[in-house]
Amino acid sequence: MKTVTIIPAGGTGRRMGREIPKQYLLLAGIPILAHTLGAFQRSPFIDEILLAVPEGDIAEVRRAVVERYGFSRVTLVLAGGRERQDSVKNALAHVCDEHGVIVIHDGVRPFVTGDLIERAVAGAQKYGAVSTGIPVRDTMKEVDGTGQVVRTVSREGLWLTQTPQAFRREVILAAYERAAADGFYGTDDASLVERTGIPVRMIMGDKDNIKVTTPEDLAQGEGIVCRRTG
């Protein structure tokens, strides 16, 4: 059985405040998307990569990212959808019986490590559905619409969710099929699985595994690159 990674990278970059979508912005001289794809290209636990991008970008992404950087495990560049969930759904349509585990990872999380990918795949094989994340360490407050503090929320058991999230093929396909039937959109892939009644296991992520969506994130990412490369 093979393990396939789905990478939705259909963002428009509105929060980044740039004309260029954030997945194509340069980080240490290389597109963010290329950093992300490189992590999965190098992993011995990933057999194929399905990449979802805006339809009008497909040819350029193939040329300027996939071919230029030699990402041989990207077997398909396909059109994404209006929402992230639509992009993943489009990619899931190309999953076949030989794909035993499906890994889903944000295109703008360029600092995912090989160790985290390995543990996510192993977790899916063992538990059926896993998410990565880190425990909440700051004090949590619930506020109302006026900014008034309603209460202090216990942070015990609260985690900040990351990707990759990984699933046995039949688990994520069933979750997406039910979500489509119900017209439900979740905030991540694990939430779709949760509503089917199948438990999702949380495994420890990485504090460097940030999602680059704002100029501040981009600056932080440059710092991570400098620290990792010395």
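Each value in this text was obtained by applying a stated rule to the coordinates, not by laboratory testing. It should be emphasised that the depicted structure is a prediction, and the values quoted were computed from it without experimental measurement. Glycine also receives a Cβ, built like all others from the backbone with ideal geometry; neighbour counts cover every protein chain displayed.
Within the bounds of segment 77-96, is there any residue that is touching a residue at least 40 places away in the same chain (Cβ under 8 Å), among the small types (Gly, Ala, Ser) and more than 24 Å from Gly38 (Cβ to Cβ)? Taking every residue of segment 77-96 in turn, at least one turns out to be touching a residue at least 40 places away in the same chain (Cβ under 8 Å), among the small types (Gly, Ala, Ser) and more than 24 Å from Gly38 (Cβ to Cβ). Considering segment 31-60, the residues that are among the hydrophobic types (A, V, I, L, M, F, W, C) and without any contact (Cβ under 8 Å) to a residue 24 or more places away in the chain include one that is nearest to Lys89 (Cα to Cα), namely Ile58. Tell me, please, whether a residue that is touching a strand residue (DSSP E or B) at 6+ places or on another chain (Cβ under 7 Å) and under 15 Å from Ile104 (Cα atoms) can be found in segment 59-68. No, there is no match, as no residue in segment 59-68 is touching a strand residue (DSSP E or B) at 6+ places or on another chain (Cβ under 7 Å) and under 15 Å from Ile104 (Cα atoms). Ala181 falls short on exactly one of the conditions (1) in a loop (DSSP other than H, G, I, E, B); (2) aliphatic (A, V, I, L, M); (3) without any contact (Cβ under 8 Å) to a residue 24 or more places away in the chain, and that condition is (1).
If you go through segment 199-209 one residue at a time, do you hit one that is out of contact with any Asp or Glu (no Cβ under 7 Å at 6 or more places or on another chain), surrounded by fewer than 14 Cβ atoms within 10 Å (Cβ to Cβ) and among the polar types (S, T, N, Q)? No, the conditions are met nowhere in segment 199-209. Of the residues making up segment 112-154, those that are among the hydrophobic types (A, V, I, L, M, F, W, C) and in contact with a Phe, Trp or Tyr (Cβ under 7 Å, 6 or more places away or on another chain) are Ile117, Val121, Ala124, Ala129, Ile134, Val136.
In segment 149-187, the qualifying residues are those that are under 15 Å from Leu92 (Cα atoms) and not hydrophobic (A, V, I, L, M, F, W, C), and the one that is surrounded by the fewest Cβ atoms within 10 Å (Cβ to Cβ) is Glu170. Checked against the criterion of being of a type outside the set (Phe, Trp, Tyr) and touching a His at 6+ places or on another chain (Cβ under 7 Å), the candidates Thr187, Thr163, Thr196, Thr132 yield just one match: Thr163.
Only helices (runs of 4 or more DSSP H) whose full extent lies in segment 40-148 are considered here, and the ones with at least 1 residues that are buried (at least 21 other Cβ atoms within 10 Å of the Cβ) and in contact with a Pro (Cβ under 8 Å, 6 or more places away or on another chain) are 84-92, 114-127.
Being under 17 Å from the mean Cα position of the chain (by Cα) and among the aromatic types (Phe, Trp, Tyr) is the requirement here; does Tyr24 meet it? Yes. Listed by first and then second residue, the pairs with beta-carbon distance under 6 Å, at least 6 apart or on different chains, first residue in segment 186-198 and free of Cβ contacts under 8 Å to residues at least 12 places away in the same chain, second of a type in the set (Val, Ile, Thr), are Glu194/Val200.
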